[in-house]
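Heads up, the thing below is written out as structure tokens.
What follows is calculated from the coordinates using simple rules that are stated; it is not laboratory data. Please read these numbers as outputs of a predicted model, since none were measured by experiment. Positions of Cβ are backbone-derived with ideal geometry, glycine not excepted, and every protein chain shown enters the neighbour counts.
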Ligand SMILES: *[C@@H]1O[C@H](CO)[C@@H](O)[C@H](O)[C@H]1NC(C)=O
């Protein structure tokens, strides 16, 4: 029975109140600092009272508009945008090296390292060049090794102009997002945008930050790039759409923020593989059924539209957890104050004596005699106040001695 009675007790710590201005001011200052941190940073800035959804669902549809001129041709969207589906990743071609009328056959290789004087120099080499398979013959007129493949071969070292008009092309971006946790949906075409306004507006970070139409030249400039250089070598530009939504506020405050950056910064710094280019071909047939093609080496600005974001809404669980953390953290101040109090303050020894009460050996036998009933003895000692110094230890603690 006594065991049970002893179990149902409550222990509380004994406190030493120090009446000192110095330590008092430090204590309150530290507490104030901790409270300010929690209220200002954790609760107001980081919104720790909210539950957060970072799994944003999004769809992006794009459409490019504009006309350009390239090698005596007017280029429209179907000519310079690939792939044509209007996805979040697409390329606006700005420079093309065309090799027209290629047919399957035999022709001299154009690369300088395949120059030769006789057939023996074309034998015993790795059989495939960049353009085809070596036949082992040296072409007498061109003095280079002959290959089998698409002929004539491409010469991609020529200097070709870029399509400057691409700077004035516009990109229209339609973005819908959803936060599944809150079942919250929104898009970047606001209802207050009339179709008339939408036709005329152009994104500008200062004057028109919500217009979903972007001029390519502006996008490149806002990404910190030079248009001419980028169009010449090719590159990847990211248009990032950030949604930071506080759903405790009104629906209208959940708006996208557009930022621009060059994503392939590695090809900008590195000279081995500068820029971005790829090859593709268009295939045709002669009336007699024989096939020929136009090979294109394309340089262009690839646009990646990236959507990210999170939404927060008040929830009781994170609020409670963070409140408890805040209250607990206020207690951290005592650790600092104890260090100052017991080590650096005038009269530290007196404070130490008050805080840590020493038990001398003389008193120990009396406790040891009752060691079989340790719990009970401590209780009686404490209750009877026969030995105050021992009563500060709880029964559970002294069992270890
Ligand atoms: C882009 O448009 C502006 C204004 O319409 C025009 O002055 C400029 O010449 C155009 N730039 C190019 C490269 O066509």
(message) Kirkwood Rh over alpha-carbon pairs of region 168-224, then Stokes-Einstein at 20 °C and 1.002 mPa s: what D in µm² s⁻¹, rounded to an integer?
(response) 169
(request) May I ask you to derive the relative contact order of region 134-266, considering only C-alpha pairs under 8 Å and at least 6 residues apart, and to give it as an integer percent? (result) 18
(request) Which order do the peptides 227-233, 196-202 take when ranked by the mean count of other beta-carbon atoms within 10 Å per residue, highest first? (result) 227-233, 196-202
(request) Can you check how the C-alpha radius of gyration of region 154-255 compares to 2.2 N^0.38 Å, as a plain ratio? (result) 1.40
(request) Take the alpha carbon atoms of region 13-94, find their radius of gyration, then divide it by 2.2 N^0.38 Å using N residues; give the quotient. (result) 2.65
(request) Give, in whole angstrom and from largest to smallest, the semi-axes √(5λ) of the equivalent ellipsoid of region 51-112, with λ running over the eigenvalues of the Cα gyration tensor. (result) 38, 19, 10
(message) Distance between the C-alpha centers of region 197-241 and region 104-128? Whole Å please.
(response) 46
(message) At a 10 angstrom cut-off on C-beta neighbours, averaged per residue, how do the peptides 316-329, 235-248, 8-21 rank from highest to lowest?
(response) 235-248, 316-329, 8-21
(message) What Kirkwood Rh does the chain have if only Cα atoms enter the pairwise 1/r average? Answer in Å.
(response) 29.8
(request) Could you line up 1, 163, 98 from fewest to most neighbouring Cβ atoms inside 10 Å? (result) 1, 98, 163
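Counting every Cα pair in region 227-361, what percent are over 26 Å apart? Kindly include the intermediate steps, with their values, before the conclusion.
Numbers: 6085 of 9045 pairs.
So the pairs more than 26 Å apart make up 67 percent of the total in region 227-361.
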(message) Run the helix sum for the chain: -39,500 (n - 2.57) per DSSP H stretch of 4+ residues, divided by residue count, reported at 222 nm to the nearest 500 deg cm²/dmol.
(response) -7500 deg cm²/dmol
(request) Would you kindly work out the equivalent ellipsoid of region 107-158 from its C-alpha gyration tensor and give its semi-axes, the square roots of five times the eigenvalues, largest first in whole Å? (result) 16, 12, 9
